[in-house]
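Participant: Quick one: the structure is below, and I'll ask about it shortly.
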Amino acid sequence: MEPSQEERRTAVKLFRRDFTLVVIGQVISLFGNAVLRFALPLYLLRVTDSSTLYGTVTACAFVPMVIFSLLGGVIADRVNKRNIMVALDFSTAGVILVFYLLHGMVPLVPLLMVVLMILYGIAGAYEPAVQASIPLLVDGEELVRGNAVINMVQTLSSLLGPILGGVLFGAFGIVPILFLSTGCFLASAVMEIFIHIPHVKRDRTDGMLTVVRQDLSESWQYIRFRQPELLKGVGLIAVFNMVLSSAFSVGIPVMVVQFLGMSDASLGLTEAMVGLGGLAGGGLAGIAAHKIHIGRSHWILLGCAVGMAGMGIAMLPGIPALAAYWLINLMGFLTMVVSALFSVTILAMVQRITPTQLLGKVMATIMAVCSCVQPVGQAAYGVLFDVMASVPWLLLFFAAGFGVLLTAVSRPLFQKLELRWSET
């Protein structure tokens, strides 16, 4: 079916030069990131065969992501966002090179923990710059579609990265993955040099620590007093991440690799199915941008709970390993479809109601609060999957039941946020 004239005009309006360059840069950078963040934790799990250690290291790596997302938000409102992207991509390539040089010379577990912490910290600082640049490059009425495109890029990378990462890791080990991801980050950094993002320089008379404290306080005051419903929504998402998202991120590799005994390539396919679900969800958000209503977002939480329950069914005694594996793939796909719809809607709403001069730090504050308790959940699930190795389905059914509870209590809140959206 040929696109209509209106759809062509919309695409031209959205994909202007600088936004297109940002999208291409994201494709390259996030692909390298997806390959690396798939392979390094899997390498640890294969070497140690411990879900407790896997969950602990993943949780520790997540902490700097939360911290640096706050700092990244402050910097994104004061420094040219293009320069932030360029510097962080070059820095990531340097970190990978250092890991390659030290690999085999120092103990693996502390080296991996430090490297993952640095990489997650860089990713945390990078994300606010990207999110804060979208409203500067995309017209207001196209924010949902712009966010849908970025979301689709992220999930496309998550789709292709694990597939290639699983194949390369299973066949050749970790070294080719290090070279591939380094090349991606260097190519992205060079290309981003040519992006133009509008920037108004802000004078700074106080010290850096004072500026950071004042800016973060300003963003917190804005959320707390001017957008109280948004604050409640952020708290709800934080709890959701701790209980459901942590079970999802820790549980999938542990279930596929340890409990079902599947290969590295099989885990790569599962992660790719998860990425494909996110891609499909982002595509749906872009197609149905004007039909998405945040007031109905509680149904999305219910969809995630159903996906988690499906994974619990897959781990019940007596289910053949191959059938369980494909059921996990299906549930992972469906869960990410609804999660992507939710993410695109929330981001577009925040970008629409937040003043431009506050957007970077407000986005960073929201992301940090939403993610701050997730390391606790990841570490806890890492231990629990070891302790409850004979009954992993109980953990998944618990997470699903908690998701149903969140669905019930979140409905009035999302309806209030819908009213706030309509007022802007």
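The values are calculated or read from the model by the stated rules, or taken from the named source; none is laboratory data. Computed from a predicted model, the values in this text were never measured in an experiment. When we count neighbours, we look across all protein chains shown, and the Cβ atoms used for this are built from the backbone with ideal geometry, even at glycine. Surface areas here come from the heavy atoms of the whole protein model, side chains and all, with no ligands, DNA or RNA. Shrake-Rupley method; radii C 1.70, N 1.55, O 1.52, S 1.80 Å.
Participant: Would you confirm whether any residue within segment 131-139 is open to solvent by 20 Å² or more (accessible area, probe 1.4 Å) and at pLDDT below 75?
Facilitator: Checking segment 131-139: at least one residue is open to solvent by 20 Å² or more (accessible area, probe 1.4 Å) and at pLDDT below 75.
Participant: Considering only segment 32-64, state which residues are among the aromatic types (F, W, Y) and at pLDDT below 80. It would help to see each step written out before you state the result.
Facilitator: Initially, segment 32-64 is screened for residues among the aromatic types (F, W, Y), giving 38, 43, 54, 62.
Result: F38, Y54, F62.
Participant: Could you pull out the residue among I75, I122 that is in a helix (DSSP H, G or I) and under 17 Å from the mean Cα position of the chain (by Cα)? Quick ask: steps written out before the conclusion?
Facilitator: Details: I75 fails: under 17 Å from the mean Cα position of the chain (by Cα).
One residue alone meets the criteria, I122.
Participant: For segment 335-378, how many residues meet the condition of being open to solvent by 30 Å² or more (accessible area, probe 1.4 Å) and either under 11 Å from S219 (Cβ atoms) or among the aromatic types (F, W, Y) (or both)?
Facilitator: Of the residues in segment 335-378, 3 are open to solvent by 30 Å² or more (accessible area, probe 1.4 Å) and either under 11 Å from S219 (Cβ atoms) or among the aromatic types (F, W, Y) (or both).
Participant: So which residues in segment 176-213 are modelled with pLDDT under 85, touching an Asp or Glu at 6+ places or on another chain (Cβ under 7 Å) and in a helix (DSSP H, G or I), if there are any at all?
Facilitator: none
Participant: Scan segment 250-271 for residues that are in a helix (DSSP H, G or I), open to solvent by 10 Å² or more (accessible area, probe 1.4 Å) and modelled with pLDDT of 80 or more and report the count.
Facilitator: Taking segment 250-271 as the starting set, the residues that turn out to be in a helix (DSSP H, G or I) are 250-259, 264-271.
Filter once more, so that each one left must be open to solvent by 10 Å² or more (accessible area, probe 1.4 Å): 257-259, 264-266, 269, 271.
Of the ones still in play, those that are also modelled with pLDDT of 80 or more are 257-259, 266, 269.
Summing the residues that are in a helix (DSSP H, G or I), open to solvent by 10 Å² or more (accessible area, probe 1.4 Å) and modelled with pLDDT of 80 or more in segment 250-271 gives 5.
Participant: Turning to a different aspect of this structure: How many residues does segment 404-424 contain that are crowded, with 19+ Cβ neighbours inside 10 Å and either over 18 Å from T345 (Cβ atoms) or touching a Ser or Thr at 6+ places or on another chain (Cβ under 6 Å) (or both)?
Facilitator: Number of matching residues: 1.
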